[in-house]
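Student: Next up is a structure, given as structure tokens.
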């Protein structure tokens with residue numbers, strides 16, 4: 001791994017840690033400051049991480065919208081964990097947040113079909129009310145066709 005790849009993955013790690021600690025991603029400027037690099041270099045790293053699907057930028061910007069499982073915008077999937085409220089991108093990611101944080105969580109999700117809010121509890125890495133079912137209408141191989149829709 002060359003030095004640029006090392007920095008690339010350090011930036012990815014920083015973005016994820018920032019999300020986990022604050023519930024939102026750092027700006028390019030915050031990342032540049034943290035690593036003592038130029039905003040231009042941080043911008044190039046953000047673009048490369050987007051191209052590698054390490055996270056997803058808002059179109060034509062350097063604003064992180066998704067760093068799976070975290071969403072930077074409000075969604076129908078709220079995850080209450082560690083005294084914070086996170087937004088997940090989808091039903092899959094709502095389970096990924098407590099898994100990635102290694103913590104218990106209460107999840108509130110709006111069912112697309114009925115518009116009802118359902119609640120899940122994750123305790124000791126287990127779903128306590130497991131009678132619910134999650135359906136994925138698209139196979140994973142098609143998620144990046146339109147990631148925001150998926």
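Student: Got a sec? Which helices (runs of 4 or more DSSP H) wholly within region 1-108 have at least 2 residues that are outside the structural domain of residue 127 (by TED's automatic domain parsing), within 12 Å of the chain's Cα centre (by Cα) and at negative phi? Before you say what the answer is, go through the steps one by one.
Tutor: Numbers: elements: 3-22, 28-35, 39-51, 91-101.
Correct list: 3-22.
Student: If you scan region 45-65, which residues turn out to be crowded, with 16+ Cβ neighbours inside 10 Å, within 14 Å of residue 10 (Cα to Cα) and at pLDDT 95 or above?
Tutor: Those that are crowded, with 16+ Cβ neighbours inside 10 Å, within 14 Å of residue 10 (Cα to Cα) and at pLDDT 95 or above: 45, 46, 49.
Student: How many residues are more than 22 Å from residue 99 (Cα to Cα) and either surrounded by fewer than 16 Cβ atoms within 10 Å (Cβ to Cβ) or touching a strand residue (DSSP E or B) at 6+ places or on another chain (Cβ under 9 Å) (or both) when one looks only at region 8-27? Talk me through it step by step, then tell me what you get.
Tutor: Start the filter on region 8-27 by keeping residues that are more than 22 Å from residue 99 (Cα to Cα), which leaves 8, 27.
Then drop every residue that is not either surrounded by fewer than 16 Cβ atoms within 10 Å (Cβ to Cβ) or touching a strand residue (DSSP E or B) at 6+ places or on another chain (Cβ under 9 Å) (or both), which leaves 27.
The qualifying residues number 1.
Student: All but one of (1) surrounded by 20 or more Cβ atoms within 10 Å (Cβ to Cβ); (2) modelled with pLDDT of 95 or more; (3) more than 30 Å from residue 32 (Cα to Cα) hold for residue 109; which doesn't?
Tutor: Status for residue 109: all satisfied but (2).
Student: OK, next. Any idea which residue in region 78-100 is surrounded by the most Cβ atoms within 10 Å (Cβ to Cβ), counting only those that are modelled with pLDDT of 95 or more and under 14 Å from residue 110 (Cβ atoms)?
Tutor: Checked region 78-100; the qualifying residue surrounded by the most Cβ atoms within 10 Å (Cβ to Cβ) is 79.
The values are calculated or read from the model by the stated rules, or taken from the named source; none is laboratory data. Everything quoted here is computed from the prediction, not taken from an experiment. No Cβ is skipped: glycine too gets one built from the backbone with ideal geometry, and neighbour counts run over all protein chains shown.
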